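Trainee: Dropping the structure in here first, questions after.
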Amino acid sequence: MKRIEEEEAKSKEERMATRSSCSSNGLLPSSASPRKTDDLEVGQPIKEFELDDDDDDDPFDIAHTKNAPLEILRRWRQAALVLNASRRFRYTLDLKKEEEREQRRRMVRSHAQVIRAALLFRLAGEQQIVLGTSATPPTVTGDYAIGLEELASMTRDHNIFSLHQCGGVKGLSNMLKTNLATGIVGDENDLIKRMNTFGTNRYPQKKGRGFLTFLWEAWQDLTLIILIVAAIASLGLGIKTEGLSHGWYDGASISFAVMLVIIVTAVSDYRQSLQFQNLNKEKQNIQLEVMRGGRIMKISIFDIVVGDVVPLRIGDQVPADGILITGHSLAIDESSMTGESKIVHKDQNAPFLMSGCKVADGIGTMLVTGVGINTEWGLLMASISEDTGEETPLQVRLNGLATFIGIAGLAVALSVLAVLLGRYFTGNTKNPDGSVQFIKGETTVSKAVDGVIKILTIAVTIVVVAVPEGLPLAVTLTLAYSMRKMMADKALVRRLSACETMGSSTTICSDKTGTLTLNQMTVVEAYVGNQKINPPDDPSQLQSEAGLLLCEGIAQNTTGNVFVPKDGGDVEITGSPTEKAILSWAVKLGMKFDVLRAESKILRVFPFNSEKKRGGVAIQTADSKVHIHWKGAAEMVLASCTGYLDSNGSLQSIDKEMDFFKVAIDDMAACSLRCVAIAYRPYELDKVPTDEESLGKWVLPEDELVLLAIVGIKDPCRPGVKDAVRICTAAGVKVRMVTGDNIQTAKAIALECGILSSGADATEPNIIEGKVFRAYSEKEREIIAKKITVMGRSSPNDKLLLVQALRKGGEVVAVTGDGTNDAPALHEADIGLSKLQKRARILLSWMIILLQL
């Protein structure tokens, strides 16, 4: 009995092993479990593809067609019966090129690994021989105390030993003549020296394909080959039967038509290729901020030089190789270089940053140490060329239809040829006078050949008529015309399918800030304590104690910057529109930005989070006091407050005034103002973690806050929005607004833009909060989603869930947005539209880019 059980167990294990081997042979996924990826914007994993165990053998079973894995696409193409696959899939994802890209990435990485291994081996030998004495110092070259090779090798190989040898990031910055606080000098001579010594942030790019290449590819279409053969046959038959003077007409006409189709197709493809090359150049020319001469300025990514100090925020692309100067909760997605979907946290123990990677979380500043071809990203990009587009779904279908009709016509022609030849040689074909055309033993060879040629002419005619070559060509020309028209309207079309899909859109999910509004923000109302400041920038109405704490919180809890020129010019304020509005307001109240930041030390930063709608900072003042400042969505920060400072600067309980503050927030929101609250709390110094590791994990307390101020920020509606909404509605396209603002602010803007026709429509579920929507089950969300017109206080995940629910309900969804937080929804939507501005670095997955005028 025991033996039988052992044999059954063994048999079961063999079946499982067989199933496992079958699942890993390249035809089936290695795991039947859903593959998850961490969505950095929404903070939780998203299932991309689910494979049904019961139907793993079906290569066409793809639950989600967007962003399908390469293995599934490969299985589909291997399983599908497709004639002339190279032509049919010419603009869809090129799997071979994708594999080559991955191989080149691995080659670059393995090359760097070999260098790193050799260097580590050499350093280990030096340490063993010299017994711990310092190695040879960096070579002094030209104007700098470190050479290009040493610098590039240290960064590329993540050599922490060499960095310590240089004296850390502080010592390295001195070698590169960089001030970590103010950046490089940045004048023309300084930039030229750095470019000559360390290179520029450019890499050689492969030239695009020439016109002759497109001409060669155009004639390889199966339908055109059939037509070419038909033209040759028709020409020969015509000359044979009708003589040279008249017999060349049909063959020459077909040949001319074929040549015309080949030339038009090649010209269209070539023009499209040039357009995509121009788009890629525009897409790669990212504008970013650097610190030069003590001021934040925007420059092209191509103008970055070694020694630059670059601030990094969520969604940014690391513009060059570098070393972390300071960072708070900084996490980098290095999958574009390492191929591993793993988020790497950066600190002083792991300070090296690789060009081309994305900032997944946190903020920080970096010192640029390698640019252009001296980085792994530069080596990778110099060895590959970007895909120039894809064929639209309609084109794929029409090409398939044309091929099918052509094959059907060919089959019919062969059948007719066989029947006619059979009838001819059996004596069943007669002339108009009733005489038999072919009599065995009597008809001469010359007449028999003429008869066969006439029959072949009929078959060739069927083939020529059956092949609808003009159908795919007409679609190509139409879409190319659409792209040119959209370019004239300042819209760059990244994918041809966007033109087709956009015409089928049934709903638009629009962001508010910067899309429906101008994104030009100013503080127009302010409450400090329980007193309304009118006008809001009058410093005389501000009590000194409250004013000092308020200015301290604004100066320290910001990602913006205030630059005061020494020659007394205008103050320059940089940052996001919201940050600029609050900083401008504080400057008018008398805030000394540089002085306040110099007087205190930052202990810990909690970057603004789209889920919590707030950001915070802990600082230690000159008199060793610890203040924790918070800034964010007014009603959320207010809920954490237990007190406020009155007009005399005295701490009062907020219980009696809570209703007053809530009414103030509602009134400002009803006037379309964005409400931001600023609060702080004192904290005991001895409770602050002392070691760096514990400090990096310290969670800033968010309770028992003291309210300092509530401000209302005006962001005017964009001119023409109301007319655009009305046109979309008349065309049957429903416009929905999804914003992270207060529900009352969202309602007011929606009424102003015409998205809500009247206040009577502003009831649930027409207008809903993100937390309410996300609490529904998946089935309930599909039902509710179609009724939603406005969603307020939404997180990136809420917007993503709405898009998914609408698509499951059969809607063709277009999403507009311009921020990093919109990326998940833009990626999920049928079509994404975004303005080309600062955050254009994440446009790789978006289809249409609207150039900001």
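Each reported figure results from applying straightforward, stated rules to the coordinates on display, with no laboratory input. Here the structure is a predicted model, which means the values were calculated and not measured. Cβ sites come from the backbone with ideal geometry, for glycine too, and all protein chains shown count toward neighbours.
Trainee: Can you put VAL449, VAL368, VAL290 in order, fewest other beta carbons within 10 Å first?
Mentor: In order of increasing Cβ crowding within 10 Å: VAL449, VAL290, VAL368.
Trainee: Ranked highest first by the average count of other Cβ atoms within 10 Å around their residues, in what order do 314-321, 702-709 fall?
Mentor: By packing density, highest mean first, the sequence is 314-321, 702-709.
Trainee: Give or take rounding to whole Å, what are the principal axis extents of the alpha carbon atoms in the stretch 150-223, in descending order?
Mentor: Taking max minus min along each principal axis of the Cα atoms, the stretch 150-223 gives 68, 33, 20 Å.
Trainee: Next question. Say the cut-off is 20 Å between C-alpha atoms; which of LYS613/LYS714; LYS580/LYS714; LYS697/LYS799; LYS485/LYS734; LYS342/LYS808; LYS512/LYS799 go over it?
Mentor: LYS697/LYS799; LYS485/LYS734; LYS342/LYS808
Trainee: Would you calculate the separation in nanometres between label points at SER758 and LYS240, each defined as 7 Å from the Cα along the Cα-to-beta-carbon direction?
Mentor: About 8.1 nm, to one decimal.
Trainee: What distance in nm separates the two pseudo spin-label positions at LYS342 and VAL419, each 7 Å out from Cα along the beta-carbon direction?
Mentor: According to this spin-label approximation, the distance is 6.8 nm.
Trainee: Same structure again: Subtracting the Cα-Cα distance from 0.36 nm times the residue separation, let me have the gained length for ALA670 to LEU212 in nm, one decimal.
Mentor: 158.6 nm
Trainee: ILE405 to LYS566: FRET efficiency via 1/(1 + (r/R0)^6), r the Cβ-Cβ distance, R0 60 Å, to the nearest 0.05?
Mentor: With a Förster radius of 60 Å, E is 0.20.
Trainee: Then there is this: Share of Cα-Cα pairs in the stretch 169-295 beyond 19 Å, in percent?
Mentor: That tail contains 70 percent of the Cα-Cα pairs.
Trainee: Enumerate the calculated ³J(HN,Hα) couplings along the stretch 694-701 in order (Karplus 6.51 cos²θ - 1.76 cosθ + 1.60, θ = phi - 60°), each rounded to whole Hz, writing x wherever the residue is Gly or Pro.
Mentor: Karplus values, whole Hz, x for Gly and Pro: 5, 5, x, 9, 5, 8, 5, x.
Trainee: Now for a different question. Using the C-alpha gyration tensor of the stretch 505-562, what are the square roots of 5 times its eigenvalues, in whole angstrom, with the largest one first?
Mentor: That gives 33, 15, 10 Å for the three semi-axes.
Trainee: Now for a separate question. By how many nm would the segment from LYS447 to ALA730 lengthen if fully extended, with 0.36 nm per residue of separation less the alpha-carbon distance?
Mentor: So the chain would gain 94.9 nm between LYS447 and ALA730.
Trainee: Then there is this: What is the spin-label model distance, in nm, from SER544 to GLU780 if the labels are put 7 Å beyond Cα along the C-beta direction?
Mentor: Label-label distance for SER544 and GLU780, simple model: 5.6 nm.
Trainee: Please list 639-645, 668-674 highest first by mean number of surrounding beta-carbon atoms within 10 Å per residue.
Mentor: By packing density, highest mean first, the sequence is 668-674, 639-645.
Trainee: Which ³J(HN,Hα) values in Hz, rounded to whole numbers, follow from the phi angles of the stretch 361-372 under the Karplus curve 6.51 cos²θ - 1.76 cosθ + 1.60, where θ = phi - 60° and Gly and Pro get x?
Mentor: Each residue's phi maps through the Karplus curve to give 7, x, 9, x, 10, 10, 9, 6, 10, x, 9, x Hz.
Trainee: With the cut-off at 21 Å, report for the stretch 260-326 the share of all Cα pairs above it, as a whole percent.
Mentor: Taking all Cα-Cα pairs of the stretch 260-326, the fraction more than 21 Å apart is 45 percent.
Trainee: If you stretched the chain out fully between THR461 and LYS298, how much longer would it get, using 0.36 nm times the residue separation minus the C-alpha to C-alpha distance?
Mentor: Using 0.36 nm per residue and subtracting the Cα-Cα distance, I get 52.2 nm.
Trainee: Starting with the fewest neighbours, write out TYR270, TYR249 ranked by other beta-carbon atoms found within 10 Å of each beta-carbon.
Mentor: TYR249, TYR270
Trainee: Right, next: Sorted by average packing, counted as other Cβ atoms within 10 angstrom per residue and highest first, what order do 754-760, 784-790 take?
Mentor: Ranked by mean Cβ neighbours within 10 Å, highest first: 784-790, 754-760.
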